[in-house]
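What follows is one structure encoded as structure tokens, with my remarks underneath.
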Amino acid sequence: MSQYQFLSDEWVAEARKIREELGGAGGAVPHKVRMNLVITEVPFGNAPVDAHMDTTGGDMRLDLGHLDAADLKVTVDYATAKSILIEGNPQAGMQAFMAGKIKVEGDMSKLMALQAAPPDASAQQIAQRLKDITA
């Protein structure tokens, strides 16, 4: 199986294929949140990567670009984003937040509620597939 750098164009294309293959499922998420992400210190390209996560459809959708009406914006460095989103390490997020490496603008209660929800079997399958394609 090929592996790609997290958030590279190739990785995003492969992640979209995985989502389509699994019927668009992104794992059931009980909390509704529209979050814009700014990923800094990306090891490729010259600029931060703008991305978003949207759970308002009942599943988690992660894609490039920003949403027009987001509940919050999170700015985080690449290594921390990869640790949280791909390696499934919430402790990395908490440590980075406490160290001031994560900046949150907007409704932080939505972020806290999202973190408290345990992943379902579908979300775990998707997470493993994304981990498998990530270098």
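Suppose we keep just the DSSP beta bridges with both residues in region 9-129; what percent of those would be antiparallel, to 5?
That works out to approximately 70 percent antiparallel.
Where in region 43-135 are there chymotrypsin sites (Phe, Trp or Tyr not before Pro) that are in a DSSP coil and have at most 16 other Cβ atoms within 10 angstrom of their Cβ?
44
Under a 5 Å amide H cut-off, with hydrogens placed 1.01 Å from N, residue 56 pairs with 33 among residues at least 5 apart or on other chains.
Return a whole-number percent for the relative contact order of region 9-129, with Cα pairs under 8 Å and 6 or more residues apart as the contact set. Walk me through the numbers on the way to the answer.
Numbers: 198 pairs, mean separation 34.2, N = 121.
Averaging sequence separation for qualifying contacts and normalising by length gives 28 percent for region 9-129.
For the chain, just say rounded, prolate or oblate: build the C-alpha gyration tensor, square-root its eigenvalues into a ≥ b ≥ c, call rounded for a/c under 1.5, and beyond that prolate if a/b exceeds b/c, oblate if not.
In terms of gyration-tensor shape, rounded.
Charged neighbours of residue 96, selected by a Cβ distance under 15 Å, balance to 0 (K, R count +1; D, E count -1).
For region 9-129, the dipole from Cβ point charges (+1 on Lys and Arg, -1 on Asp and Glu) about the Cα centre works out to 260 debye, to the nearest 20.
For the chain, the mean residue ellipticity at 222 nm estimated from helices alone is -11500 deg cm²/dmol, where every DSSP H run of n ≥ 4 contributes -39500 (n - 2.57) and the total is divided by all residues, rounded to the nearest 500. Among the GluC sites (Glu not before Pro) in region 26-135, which ones are in a DSSP loop with at most 16 other Cβ atoms within 10 Å of the Cβ? Mind listing them? For GluC sites (Glu not before Pro) across region 26-135 that sit outside H, G, I, E and B with at most 16 neighbouring Cβ atoms in 10 Å, the list reads 41, 87.
Coordinate-derived values only; no laboratory data. The structure displayed is predicted, hence computed values, not measured ones. Cβ atoms come from the backbone with ideal geometry, glycine included; neighbour counts cover every protein chain shown.
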